[in-house]
1. Could you work out how far apart the two model spin labels at residue 387 and residue 255 are, taking each label as a point 7 Å from the Cα in the direction of the beta carbon, and quote it in nm?
2. Gain in length, residue 419 to residue 322, computed as 0.36 nm per residue apart minus the alpha-carbon separation, to one decimal in nm?
3. So the label point goes 7 Å from the Cα of residue 184 along Cα→C-beta, right? Which residues of segment 11-26 then have their backbone N under 17 Å from it?
4. By how many nm would the segment from residue 361 to residue 198 lengthen if fully extended, with 0.36 nm per residue of separation less the alpha-carbon distance?
5. Between residue 342 and residue 213, what FRET efficiency follows from the Cβ-Cβ distance if R0 is 41 Å, with the result rounded to 0.05?
6. Can you compute the FRET efficiency between residue 378 and residue 494 using 1/(1 + (r/R0)^6), with r the Cβ-Cβ distance and R0 = 41 Å? Round to the nearest 0.05.
7. Compute the acute angle (0 to 90°) between the alpha-carbon long axis of helix 326-335 and the principal axis of greatest extent of the alpha-carbon atoms of the chain; round to the nearest 10°.
8. If each residue's Cβ is checked for other Cβ atoms within 10 Å, how do 36, 186 rank with the fewest at the top?
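Since every read-out is calculated from the coordinates, none of them should be taken as a lab result. Computed from a predicted model, the values in this text were never measured in an experiment. Here Cβ is always computed from backbone atoms with ideal geometry, including for glycine, and neighbour counts include all displayed protein chains.
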Ligand code: ME8
């Protein structure tokens, strides 16, 4: 459990900072939802959680797009900054800190990292030449190109560039990195990604260039190299440093001591080289502790096709939220989130999960519970009568569900955590069916038995609201509200998931949680 980093119960989690090249798509949303589920879980555990996200603005690609559009570059990123923040708000992403890499304090943090590496003797000047793809901000060796084109942008021919620039002595750190990965088996998860990184390490590491000459047309973009402003710091060197800036490096020592090292840097599989090799080496060079873990997720496709602007299959998560609701989108992404494999977004899948699981299983459960209490007990949640084996079993399952879901979340098995929890949703529905409260209500001598069934179903539903809060926070609160309880608070996982820990008095039935999707809406997804 990664709770002993920094401050004794602090939990610091980050996502990749996206390139602001347009609105975020559903693949970006997947990563933010994954991190948000885990951040919310830690808040529910009562941990001092700090969740940071932001945008990676110093890339030349951003500048080029602004120029192509004939907009002033800073205006362009300001607009995109709003677009990103609006999107994450729509998805209920509960970040505590938003970083933009054009901010002054981030400039200071990046320059401090550069200076530290310089003073260690880890940065030196040399001649550099290579194929540079401005879209990737990466130099490629000739053998890395595919048919003379960028491996990631097959429509672009990279430029051959020569320059004197600064290099970082990555090769010096190979052995220490390998030793660290071997001594800390959970440093990179899942195991398949760790194996990939170990493979790279065993091939031997090459030093990488950490500056770019300021070329005509790109003046004023990027963070100047300290004492040598003809160069700017390589965008990945600066972008990675965002994880330090967010927790106060280098000025706010107290905040930094509380949250660093990070507990988790959540990233996608295309950027492991930077996070698992470059970043830890930069930290070692700066004499800073390494992050505890780098959980790497797969890629999301749409209807089994790679997400791509040219294919025109980019799904805007904000539009989806407008059509189907934020929790439905969050649920669908989380339910199908397995870090070790790629995922696929399908409209039919979304509609099916919505109707079958959110609507039929969960929405109906809450609705049944509160309306039966309304009908049979005038809305007063009864004290339970004597418990039988059925109730005992349900109570045991509530606890084991909580424990197994927690373990799965902590292992980044988010889809599994949700399906473990869902088994309990189904089980509570079965409990109601087997107990037949509608029959008990007609038997004058079954008063106590009916009280037991109504109470047990309500209590199980209440506990479920907390267990589901990381994924569908709004709906969890609506469940609590209909059960007559105030909003779910930080720490509730610890203090309110024990059976009978919170007294319920009067239910407050209101709208169905997930009313069946209108076929017209389904058709427009
Ligand atoms: O790489 N499915 O930014 P980015 C899942 N600025 N995840 C996806 C995805 C998909 N289809 N497409 C992208 C960058 N991602 C850098 C990061 S961090 C110091 C700098 C993920 O906008 C991708 O794997 O290209 C990455 O984690 C994130 O979105 C941002 O990608």
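1. In this crude label model, residue 387 to residue 255 measures out at 4.6 nm.
2. Here the answer is 32.4 nm.
3. Counting backbone N atoms under 17 Å from the label point, the list is 11-15.
4. Difference between extended and current length: 54.3 nm.
5. Computed FRET efficiency for residue 342 and residue 213 comes out at 0.60.
6. 0.80
7. 80
8. 186, 36
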